[in-house]
1. Within the range 110-142, track down each residue that is among the aliphatic types (A, V, I, L, M) and open to solvent by 70 Å² or more (accessible area, probe 1.4 Å).
2. Starting from the range 339-363, keep only residues that are modelled with pLDDT under 85, then list their pairs with residues that are among the aromatic types (Phe, Trp, Tyr) whose Cβ atoms are within a distance under 6 Å, requiring at least 6 positions of separation or different chains.
3. Only one residue in Ile58, Ile77 is of a type in the set (Val, Ile, Thr) and touching a helix residue (DSSP H, G or I) at 6+ places or on another chain (Cβ under 6 Å). Which one?
4. Just a yes or no: is a residue in the range 24-32 at pLDDT 90 or above, surrounded by 13 or more Cβ atoms within 10 Å (Cβ to Cβ), in a strand (DSSP E or B) and more than 19 Å from the chain's Cα centre (by Cα)?
5. Please list, ordered by residue number, the helices (runs of 4 or more DSSP H) wholly in the range 106-171 having 2 or more residues that are modelled with pLDDT under 90.
6. Report the residue count in the range 67-96 for those that are on the phi > 0 side of the Ramachandran plot and of a type in the set (Val, Ile, Thr).
7. Out of all the residues in the range 6-23, which are in contact with an Asp or Glu (Cβ under 8 Å, 6 or more places away or on another chain) and without any contact (Cβ under 8 Å) to a residue 60 or more places away in the chain?
8. Taking the condition outside any helix (DSSP H, G or I) and either aliphatic (A, V, I, L, M) or at negative phi (or both), does Gln182 pass?
Amino acid sequence: MIEIKNIVKQYNGVPVINNLNLTVNDGEFVVLIGPSGCGKTTTLKMINRLIEADSGDILINGKSIHELNGEKLRRNIGYVIQQIGLFPNMTVEENICVVPKLLKWSKEEMSQRTHELLELVHMPYEENAKKYPNELSGGQQQRIGVLRALAAKPPVILMDEPFGALDPITRDTLQDEVKALQKSLGITIIFVTHDMDEAIKMGDRIIFMDKGVIQQDAAPEEMLRHPANEIVRNFMGKHSAAYRSQGEDMTCESLMKKRVYTTTENRKTLECIEMMSHREVDSLVITDESHHFKGVVTIDMLKSEGVAGESVGKVMRTDYPTVHLQDEARKAFDWLTKTNLPYVLVVDNENVVKGIITKTSMSKALASVVWGDQG
């Protein structure tokens with residue numbers, strides 16, 4: 001359990017954190033959200049003493065963090081940031097084992113732990129452990145950053161906008177992986193974001209902050225249904241508006257993300273692999289010259305079926321699910337819940353690709369809007 005008690009932090013006499021009180025229970029996934037400058041990152045960094053509070057106290061399992069050496073404290077709290085911070089001259093295994101090595105783990109223990117962790121994110125040890133960061137995609141690098149935070153088996157992990165720089169599809173996949181890891185390992189995560197979609201999807205509780213003060217502390221559904229004040233309501237925008245209009249049909253167009261990575265069906269296999277690597281994605285949407293949808297190709301399909309010099313049109317999947325702009329959002333939700341696909345495509349009446357809907361777009365809170373209060 002983490003207890004934040006009467007914490008105050010000022011800069012040049014201006015309060016950044018103003019008498020903050022917050023309790024995080026073991027095994028919870030708590031999200032801190034709010035406008036820029038609200039104090040969420042400062043709060044996170046005070047927990048592991050990267051920033052010292054002016055007054056008040058923070059207790060972990062009943063013991064004040066100020067009774068511990070700062071370096072020792074940080075070795076027992078995982079920390080993941082957007083910039084990742086992998087050491088470029090270290091292999092994947094060496095990066096993962098930075099803290100275990102400081103804690104004097106044996107080589108056998110570190111090797112075993114690396115095997116276990118890479119397996120959790122579907123990056124086999126034999127293929128990845130000896131690679132260097134510049135040989136990995138952005139999504140893979142972020143996975144290693146998360147694994148490094150998990151390596152020494154800390155009970156608490158702090159995450160500061162860890163997926164903010166990733167493309168929507170990779171971001172959505174990593175969100176799922178982190179949430180699954182958190183549940184399976186029973187760890188406590190405090191997660192900072194400015195993205196309400198991400199907060200709704202990831203959090204057991206959302207702590208909305210403004211000017212160093214907690215404006216609301218609630219489960220995602222409760223915050224969506226009953227924003228505490230205008231500050232919360234305005235920040236949540238379309239999400240709280242959707243809950244206030246219970247029964248009003250939501251369309252796929254209202255939830256889709258417009259950024260879609262496409263290429264034409266006559267593009268060659270190796271060109272597409274290079275495009276995926278450059279954009280740090282693992283799939284491309286295939287269209288004709290007029291942007292009409294033709295299919296989807298993934299990196300796995302290209303590796304297993306692609307032939308150098310041939311067009312991707314020969315290996316693309318043509319039966320990938322699509323929805324139309326004005327279809328009810330529940331149609332997209334059905335596809336995402338019944339399959340393991342990371343997204344569905346949104347097309348217009350001419351079958352022109354207009355956007356994608358990911359699992360983030362159809363987070364559980366918005367799903368409640370789609371389904372209403374049925375059974």
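The values are calculated or read from the model by the stated rules, or taken from the named source; none is laboratory data. Just so it is clear, the model here is predicted, and its values are computed rather than measured. Every residue, glycine as well, gets a Cβ built from its backbone with ideal geometry; the counts of neighbours run over all protein chains shown. Ligands, DNA and RNA are stripped out before the accessible areas are found, and what is left, the full protein with its side chains, is counted by its heavy atoms. Shrake-Rupley method; radii C 1.70, N 1.55, O 1.52, S 1.80 Å.
1. As a first pass, look at the range 110-142 and keep what is among the aliphatic types (A, V, I, L, M): 110, 117-118, 120-121, 123, 129, 136.
The one that is among the aliphatic types (A, V, I, L, M) and open to solvent by 70 Å² or more (accessible area, probe 1.4 Å): Leu120.
2. Listed by first residue and then by second, the contacts come to Thr358/Tyr343; Met362/Phe333.
3. Details: Ile77 fails: touching a helix residue (DSSP H, G or I) at 6+ places or on another chain (Cβ under 6 Å).
Unique residue meeting the criteria: Ile58.
4. So in the range 24-32, the residues at pLDDT 90 or above come out as 24-32.
Adding the requirement that they be surrounded by 13 or more Cβ atoms within 10 Å (Cβ to Cβ) leaves 24, 27-32.
Then keep just the ones that are in a strand (DSSP E or B); that gives 24, 29-32.
Subset that is more than 19 Å from the chain's Cα centre (by Cα): 24.
Checked against the condition, which is being at pLDDT 90 or above, surrounded by 13 or more Cβ atoms within 10 Å (Cβ to Cβ), in a strand (DSSP E or B) and more than 19 Å from the chain's Cα centre (by Cα), the range 24-32 yields at least one hit.
5. Working: elements: 107-120, 125-128, 138-150.
Those helices (runs of 4 or more DSSP H) span 107-120, 138-150.
6. Narrowing the range 67-96 to residues on the phi > 0 side of the Ramachandran plot: 84-85.
If we keep only those that are of a type in the set (Val, Ile, Thr) as well, we get 84.
Qualifying residue count for the region: 1.
7. We begin by selecting, within the range 6-23, every residue in contact with an Asp or Glu (Cβ under 8 Å, 6 or more places away or on another chain); these are 6-10, 22-23.
Asn6, Ile7, Val8, Gln10, Thr23, listed by residue number.
8. Numbers: outside any helix (DSSP H, G or I): no; either aliphatic (A, V, I, L, M) or at negative phi (or both): yes.
No, not satisfied.
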